[in-house]
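Everything below concerns the one structure shown next.
The values are calculated or read from the model by the stated rules, or taken from the named source; none is laboratory data. Fair warning: this is a prediction, and the values are worked out from it, not measured in the lab. No Cβ is skipped: glycine too gets one built from the backbone with ideal geometry, and neighbour counts run over all protein chains shown.
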Amino acid sequence: MKAEIDATPLPSSRLVRAVITHQTRSMSAVWKHFKVSDEDSKVAICNICSAKVSRGGSTAKTFSTTGLIHHLESRHAVEFEEYRQTTLVKTKPTSTPTPSVATVFEKIKKFANDSAKARDITEKVMEFIALDDQPFSVVEDIGFRRLIHHIEPRYTLPSRRYFTETSLPEMYDRVAKHVHELMTTDISALSFTTDIWSSDVSPTSMLSLTAQWINAEFKLQNILLHAQEFVGSHTAAAISDALANMFETWNIDKSKVHVIVRDNAGNMIKAMDDSGLKSIPCMAHTLQLAVNEGVL
């Protein structure tokens, strides 16, 4: 047999006191030490000494806990201190303060193009293009622009023209200065490698010059100084003049040139001899010529 459920509604006075008791206790820790009087909702009973304390009002909207707190403070010092500590914990500000309007504004304000932060990011983008052989058009790609905006919304990515005409020359000047310092610091002699590259499908030729030396830590250094277009006939005189201009650009005196490694082409050999530069043939190229001669 199922138990009967008492569905008799609570008397209105008891219901009001129940609701008031729940609300007030959830609002203040002081109610740990008091309860609402069953006889009069305007009165609270102290759980410690059973004293009746006025709730300071005649209706629920005007009730307060001021009288209850004063009762604890004057009659029950230990419980009052416990209540005070609980209140301090609840009202303690969070460790992260609310940001000011100025702070929020700074977080969304765009960097000035000449600001230190903007210039630093631009330099890193230029390094990315140079080190990873990226085309300058990468700064116009939608995906790349979205990536940059996601990482730093305050940064405005410069145009492709800015990178080609401003950022790249500035980076070249910085790197060239550093390389020049490396080659002039406690270095008595430098060795070089040079070669002319040409293509069967393009009229463009390139002349390269690479420097090698041993630094103070006895580590081999290898830096490409030039890879420039070589215009005109590949005569010995033209090659000699081009190399002389390269050495002049880097302030390299001929007396500091230990040896130049070159291929076995007659024009290259004559260019070295006419320039008064000591040179030796590339072993790999010499071996290739010997194999071709023997096989063909």
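The sole residue among VAL201, VAL259 that is assigned to a strand (DSSP E or B) and either under 43 Å from the mean Cα position of the chain (by Cα) or among the aliphatic types (A, V, I, L, M) (or both) is VAL259. If a residue must be under 17 Å from ARG161 (Cα atoms) and either surrounded by 13 or more Cβ atoms within 10 Å (Cβ to Cβ) or hydrophobic (A, V, I, L, M, F, W, C) (or both), how many such residues does segment 128-141 contain? Matching residues across segment 128-141 total 7. Scanning segment 154-211 for residues being within 25 Å of VAL259 (Cβ to Cβ), among the aromatic types (Phe, Trp, Tyr) and not assigned by TED's automatic domain parsing to the domain that holds SER240 gives a total of 0.
Residues checked against (1) part of a loop (DSSP other than H, G, I, E, B); (2) aromatic (Phe, Trp, Tyr); (3) at pLDDT below 85:
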{"residue": "PHE80", "(1), (2), (3)": "no, yes, no"}
{"residue": "THR86", "(1), (2), (3)": "no, no, yes"}
{"residue": "LYS90", "(1), (2), (3)": "no, no, yes"}
{"residue": "PRO97", "(1), (2), (3)": "yes, no, yes"}
{"residue": "THR103", "(1), (2), (3)": "no, no, yes"}
{"residue": "LYS110", "(1), (2), (3)": "yes, no, no"}
{"residue": "ALA118", "(1), (2), (3)": "no, no, no"}
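Summed over segment 146-183, the residues that are over 23 Å from MET246 (Cα atoms) and more than 24 Å from the chain's Cα centre (by Cα) give a count of 1.
Beta carbons closer than 6 Å, at least 6 apart along the sequence or on distinct chains, never pair a first residue in segment 129-141 that is without any contact (Cβ under 8 Å) to a residue 60 or more places away in the chain and outside the structural domain of THR164 (by TED's automatic domain parsing) with a second that is assigned to a helix (DSSP H, G or I) and among the acidic types (Asp, Glu).
Against the conditions (1) in contact (Cβ under 8 Å) with a residue 24 or more places away in the chain; (2) over 15 Å from the mean Cα position of the chain (by Cα), where does VAL125 fall short? Just the number, please. VAL125 satisfies all of (1) in contact (Cβ under 8 Å) with a residue 24 or more places away in the chain; (2) over 15 Å from the mean Cα position of the chain (by Cα) except (2).
A count restricted to segment 222-246 and to residues that are under 16 Å from ASP273 (Cα atoms) and not aliphatic (A, V, I, L, M) stands at 4.
The set of residues from segment 43-58 being closer than 14 Å to TRP31 by Cα and touching a Gly at 6+ places or on another chain (Cβ under 6 Å) comprises VAL53, SER54. Among the residues of segment 204-216, count how many are part of a loop (DSSP other than H, G, I, E, B) and either over 39 Å from the mean Cα position of the chain (by Cα) or surrounded by 11 or more Cβ atoms within 10 Å (Cβ to Cβ) (or both). So the answer is 2.
Mind checking which pairs have a first residue in segment 207-220 that is on the phi > 0 side of the Ramachandran plot and aliphatic (A, V, I, L, M) and a second that is surrounded by 15 or more Cβ atoms within 10 Å (Cβ to Cβ) and assigned to a loop (DSSP other than H, G, I, E, B), Cβ under 6 Å, 6 or more apart or different chains? As it stands, the answer is none, since no pair meets every condition given.
Take the conditions part of a loop (DSSP other than H, G, I, E, B), in contact (Cβ under 8 Å) with a residue 24 or more places away in the chain, surrounded by 13 or more Cβ atoms within 10 Å (Cβ to Cβ) and out of contact with any His (no Cβ under 7 Å at 6 or more places or on another chain) and apply them to THR156. Does it pass? Break it down into steps so the answer makes sense when it comes.
Values: part of a loop (DSSP other than H, G, I, E, B): yes; in contact (Cβ under 8 Å) with a residue 24 or more places away in the chain: yes; surrounded by 13 or more Cβ atoms within 10 Å (Cβ to Cβ): yes; out of contact with any His (no Cβ under 7 Å at 6 or more places or on another chain): yes.
Yes: the conditions hold for THR156.
Residues that are part of a helix (DSSP H, G or I), out of contact with any Phe, Trp or Tyr (no Cβ under 7 Å at 6 or more places or on another chain) and either within 18 Å of HIS258 (Cβ to Cβ) or hydrophobic (A, V, I, L, M, F, W, C) (or both) within segment 217-247 comprise ALA236, ALA237, ALA238, ILE239, LEU243, ALA244, MET246, PHE247, listed in sequence order.
Identify, by number, the condition in (1) loosely packed, with under 15 Cβ neighbours inside 10 Å; (2) touching a His at 6+ places or on another chain (Cβ under 8 Å) that VAL53 doesn't meet. For VAL53, the exception is condition (1).
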